[in-house]
1. Does GLY55 satisfy being within 10 Å of the chain's Cα centre (by Cα), among the small types (Gly, Ala, Ser) and at pLDDT below 85?
2. Scan region 53-72 and report the pairs whose first residue is surrounded by fewer than 13 Cβ atoms within 10 Å (Cβ to Cβ) and whose second residue is of a type in the set (A, V, I, L, M, F, W, C) and not in a strand (DSSP E or B), with Cβ atoms within less than 9 Å and a gap of 6+ or a chain change.
Amino acid sequence: MEKRLDLLPEKLNASRRALADYGNASSNTIVYVLEYMLEESSKTKRQDQGDGEWGLILAFGPGITFEGILARNLTV
(Lines give C-alpha, C1' and ligand atoms only; values in the text may rest on other atoms or scores of the structure.)
Protein backbone atom coordinates (compact mmCIF):
# COMPACT_ATOMS: atom_id res chain seq x y z
CA MET A 1 0.00 0.00 0.00
CA GLU A 2 2.85 2.35 0.81
CA LYS A 3 4.17 2.24 -2.74
CA ARG A 4 0.76 2.16 -4.40
CA LEU A 5 -0.44 5.24 -2.49
CA ASP A 6 2.97 6.93 -2.79
CA LEU A 7 3.28 7.36 0.99
CA LEU A 8 6.42 8.27 2.87
CA PRO A 9 7.56 5.34 5.05
CA GLU A 10 7.13 7.33 8.27
CA LYS A 11 3.42 7.76 7.53
CA LEU A 12 2.97 4.08 8.39
CA ASN A 13 4.98 4.07 11.63
CA ALA A 14 1.89 3.73 13.84
CA SER A 15 0.58 0.84 11.74
CA ARG A 16 3.91 -0.96 11.83
CA ARG A 17 4.24 -0.43 15.57
CA ALA A 18 0.75 -1.84 16.22
CA LEU A 19 1.58 -4.89 14.10
CA ALA A 20 4.88 -5.42 15.94
CA ASP A 21 3.30 -5.00 19.40
CA TYR A 22 0.02 -6.87 18.93
CA GLY A 23 0.43 -8.97 15.80
CA ASN A 24 -2.35 -9.25 13.26
CA ALA A 25 -5.23 -8.20 15.49
CA SER A 26 -7.61 -7.91 12.55
CA SER A 27 -9.94 -4.93 12.35
CA ASN A 28 -9.54 -3.79 15.96
CA THR A 29 -6.00 -2.69 15.04
CA ILE A 30 -7.49 0.73 14.26
CA VAL A 31 -7.73 1.51 17.98
CA TYR A 32 -4.03 0.74 18.51
CA VAL A 33 -3.00 2.82 15.50
CA LEU A 34 -5.00 5.81 16.78
CA GLU A 35 -3.46 5.38 20.23
CA TYR A 36 0.07 5.46 18.79
CA MET A 37 -0.71 8.46 16.60
CA LEU A 38 -2.03 10.42 19.59
CA GLU A 39 0.95 9.33 21.69
CA GLU A 40 3.38 10.54 19.03
CA SER A 41 1.55 13.88 18.76
CA SER A 42 1.85 14.35 22.52
CA LYS A 43 5.57 13.55 22.51
CA THR A 44 6.37 15.94 19.69
CA LYS A 45 3.95 18.61 20.93
CA ARG A 46 2.26 18.61 17.54
CA GLN A 47 -1.45 18.91 17.19
CA ASP A 48 -1.64 16.65 14.17
CA GLN A 49 0.16 13.81 12.44
CA GLY A 50 1.14 15.40 9.24
CA ASP A 51 0.38 17.00 5.99
CA GLY A 52 -3.31 17.16 5.63
CA GLU A 53 -6.65 17.92 7.06
CA TRP A 54 -8.12 14.43 6.51
CA GLY A 55 -6.96 10.94 7.37
CA LEU A 56 -8.26 7.50 6.49
CA ILE A 57 -7.59 4.42 8.59
CA LEU A 58 -8.67 1.03 7.26
CA ALA A 59 -8.33 -2.46 8.73
CA PHE A 60 -9.52 -5.73 7.29
CA GLY A 61 -11.02 -8.59 9.27
CA PRO A 62 -12.00 -12.17 8.52
CA GLY A 63 -14.17 -12.86 5.54
CA ILE A 64 -15.37 -9.73 3.81
CA THR A 65 -15.34 -7.46 6.85
CA PHE A 66 -13.46 -4.25 7.38
CA GLU A 67 -13.38 -1.35 9.77
CA GLY A 68 -12.68 2.20 8.76
CA ILE A 69 -12.34 5.63 10.23
CA LEU A 70 -12.39 8.85 8.24
CA ALA A 71 -10.90 11.45 10.54
CA ARG A 72 -10.54 15.15 10.19
CA ASN A 73 -7.33 16.63 11.65
CA LEU A 74 -6.49 14.29 14.53
CA THR A 75 -5.82 16.89 17.22
CA VAL A 76 -4.84 16.12 20.78
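1. yes
2. Matching pairs, first to second residue: GLY68/ILE30.
The values are calculated or read from the model by the stated rules, or taken from the named source; none is laboratory data. Please read these numbers as outputs of a predicted model, since none were measured by experiment. Virtual Cβ from ideal backbone geometry, glycine too; neighbours counted across all protein chains shown.
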